[in-house]
Amino acid sequence: MIIDKAEVIVTSPDRNFVTLKITTRDGHTGLGDATVNGRELAVVSYLTDHVVPLLIGSDAARIEDTWQFLYRGAYWRRGPVTMAAIAAVDMALWDIKGKAAGMPVYQLLGGASRNGLLAYGHASGKELPELFDSIRAHQESGFRAIRVQTGVPSLKAIYGIAAQGGDVGDASVRYDHEPARRGAKPVEEDWDTRAYLNHLPGVFEAVRNEFGPDLPLLHDGHHRMTPIQAARLGKDLEPYDLFWLEDCTPAENQEALRLVRQHTTTPLAIGEIFNTVWDFKDIIRDQLIDYVRGAVTHMGGISALKKTLDYAALYQIKSGMHGPTDISPVGMAAAMHLGLAIHNFGIQEYMQHGAQTDQVFEQSFTWNDGYLHPGDKPGLGVELNIDEAGKYPYEQAYLPYNRLLDGTIHDW
């Protein structure tokens, strides 16, 4: 299975996606997701100018050797652009191997460890009635676990709230799907940590009173708190029995999680902006987290993230793979195959793509009664409709950013 062609395809149906398509001389094709939200063209250049020339003529069956060559051979390692490019190659080669074997990728990873993947959805609202309606809508859609994001009364526009609409950009797109909004400049949002910390526990008390003790609830702090602030929030939320508190403090300072852990028993999930096992090494070894939030797309592919999760399993730490809509259907399929195969699966983030995206990426996964399954088509089970992709050229887009009330830039 010698690689004959590798194409980098950029399409923007509901948002920008970067897809690598590898074709072998005997006609097998494989797809990989290389999307880095808001910095998509950086990965396009890395792939087109540096990686694709190295792939032509190589053996598509040598997945591990190719991964090591692209990682170690470049000398300049790690980082989201490099690892997304390697991830795209890795996914595409697993896709090809599965098609050549006539098997879905999860079978090549050891077979299924479960019947389906528990997934959580994203409910949000500026005020409680709107939030309750969103939770109910997610339950009606089949979700058995729900992330809760709420507005803060003194803030007009913050991360993850669908109802902000015209305040922050394209009102036709649900903002809790986290799009990098199209335009020449990023949108500015506001932030006040003290107001957030004072408001949030009351929201979770109200949600528990309305929906009972059994519904798994999650919350994303999105790196906005200092360690001691995160410790306070984790402790304040203990009565409401969260499934996890995500990204409670900026992940770069791994030692900070030790302070948080000392003060709260609320489970912690972190890692969506991590890129290699080295980012997770110490916090897994020291058991400072409960869930690994890495994404197949940003962690170097199926091969690399499986090794990280196998390492996490030694410490009873589970997967909680990143899965917003900036992970393309190809990246989501890869996550599903990996999640189905590993023993220490925890939960899968699932944000439903828009109709245009589903026309560009033809998918075989199923969603039934709160559980995902990647399907049993050979490979990853996703095909790219080139004609549909061509209808949606790249559009410049940026993620928002935060300023505090005094004008200081803050973590978004």
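The values are calculated or read from the model by the stated rules, or taken from the named source; none is laboratory data. As the structure is a computational prediction, the values presented were derived from the model and not from experiment. Ideal geometry is used to build each Cβ from the backbone, glycine not excepted, and the neighbour counts take in all protein chains shown. The protein model used for the area step is the full one, side chains on, heavy atoms only, and it has no ligands, DNA or RNA in it. Shrake-Rupley method; radii C 1.70, N 1.55, O 1.52, S 1.80 Å.
Quick one: with all protein chains in place, what share of the accessible area of the stretch 109-376 is carbon or sulfur, to the nearest percent (1.4 Å probe)?
On the stretch 109-376, the fraction of accessible area on carbon and sulfur atoms equals 48 percent.
Would you give the gap between the C-alpha center of the stretch 229-260 and the C-alpha center of the stretch 371-396, rounded to a whole Å?
For the stretch 229-260 versus the stretch 371-396, the Cα centre distance is 36 Å.
When Lys and Arg each count +1 and Asp and Glu each count -1, what net charge do the other residues less than 10 Å away from Ser364, Cβ to Cβ, add up to?
On the way: positive: Lys377; negative: Glu362, Asp376, Glu383.
Charge balance near Ser364 sits at -2.
Between the helical axis of 302-313 and the dominant principal axis of the chain, each derived from Cα atoms, what acute angle in degrees is found, rounded to the nearest 10?
50
Report, in degrees rounded to the nearest 10, the 0 to 90 angle that the Cα long axis of helix 80-101 makes with the longest principal axis of the chain.
60
For the chain, set up a GNM with springs between Cα atoms under 10 Å and report which of Ala334, Ala101, Ala34 has the largest fluctuation.
Fluctuation is largest for Ala101.
Between beta-carbons, use under 12 Å as the cut-off and find the net charge around Leu20, counting Lys and Arg +1, Asp and Glu -1.
On the way: positive: Lys5, Lys21; negative: Glu7, Asp33, Asp90, Asp95.
Charge balance in the 12 Å sphere: -2.
Could you give me the ³J(HN,Hα) list for the stretch 239-255, computed from phi with Karplus coefficients 6.51, -1.76, 1.60 and θ = phi - 60°, whole Hz, x at Gly and Pro?
x, 9, 6, 5, 5, 6, 10, 9, 6, 6, 8, x, 6, 4, 8, 5, 4
Would you check the accessible area of Ile9, probe 1.4 Å, heavy atoms only, in square angstrom rounded to 10?
Here the accessible area works out near 30 Å².
Just add up the charged neighbours of Ile327: K/R +1, D/E -1, any other residue whose Cβ is under 9 Å from the Cβ of Ile327. Write out the running numbers ahead of the final one.
Values: positive: none; negative: Asp33, Asp326, Glu349.
Every neighbour counted, the sum reads -3.
If contacts are Cα pairs under 8 angstrom and at least 6 residues apart, what is the relative contact order of the stretch 2-104 in percent? Write out the running numbers ahead of the final one.
On the way: 162 pairs, mean separation 33.8, N = 103.
Value for the stretch 2-104: 33 percent.
Ordered by residue, what ³J(HN,Hα) values in Hz, to whole numbers, does the stretch 26-33 give under the Karplus form 6.51 cos²θ - 1.76 cosθ + 1.60, where θ = phi - 60° and Gly and Pro are x?
8, x, 6, 10, x, 10, x, 9
Quick check on the stretch 109-376: take the gyration tensor over C-alpha atoms, sort the square-rooted eigenvalues as a ≥ b ≥ c, and tell me if it's rounded (a/c under 1.5), prolate or oblate. Let's see the in-between values first.
Details: a/c = 1.43, a/b = 1.12, b/c = 1.28.
Rounded.
For Thr366, list long-range residues whose amide hydrogen, built 1.01 Å from N in the peptide plane, is under 5 Å from its own amide hydrogen.
When sequence neighbours closer than 5 places are left aside, the close amide H contacts are His373, Gly375.
So with the 1.4 Å probe, I'd like the accessible area per residue for the chain, rounded to whole Å². Walk me through the numbers before you get to the answer.
On the way: 16200 Å² over 412 residues.
Solvent-accessible surface per residue comes out at 39 Å².
Which order do the peptides 232-243, 342-353 come out in when sorted by mean C-beta neighbours inside 10 angstrom, highest first?
On the way: 232-243: 18.2, 342-353: 20.6.
Sorting 232-243, 342-353 by mean packing, highest first, produces 342-353, 232-243.
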